[in-house]
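Before any comments, here is the structure.
Every number here is computed from the coordinates shown, using simple stated rules; none is lab data. This is a predicted model, so every value here is computed, not measured. Glycine gets a Cβ as well: all are built from the backbone with ideal geometry, and neighbour counts include every protein chain shown.
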């Protein structure tokens, strides 16, 4: 795994692994169920990915959206490819909704709704909260492909 993937908490945050991609729970949650979709390659530019990675992206995003919609019921999902600090190809996947969503004692409001996601107001998860959310989302992952 590349350095960007490890920075986002791999392997503790791993939700699903594919041939070219991993899906991770985002350690800081601007909204509940925020994820990192990261290419496993060393590519630092989107067009430098293997063509097979682009083909696989259709399956990965279908699985990801099914799991997040089942867990959080967002109005929209935002895919942000920022790559300013962490150089390897990855997206921040941010469920968007009015108000807040919660799982047990983990509640996260969408502070940016309906505008740009408020990434700076993200809730930093404890190790216990990370484990809880990883189990919660893994339970919703399409088992046939993830």
When the Cα centres of region 47-66 and region 100-126 are compared, how far apart do they sit, in Å?
26
State the percent of C-alpha pairs, over all pairs in the chain, separated by a distance greater than 22 angstrom.
34
Can you give me the distance in nm between label points at residue 62 and residue 75, each placed 7 Å from the Cα along the Cα-to-Cβ direction?
2.8
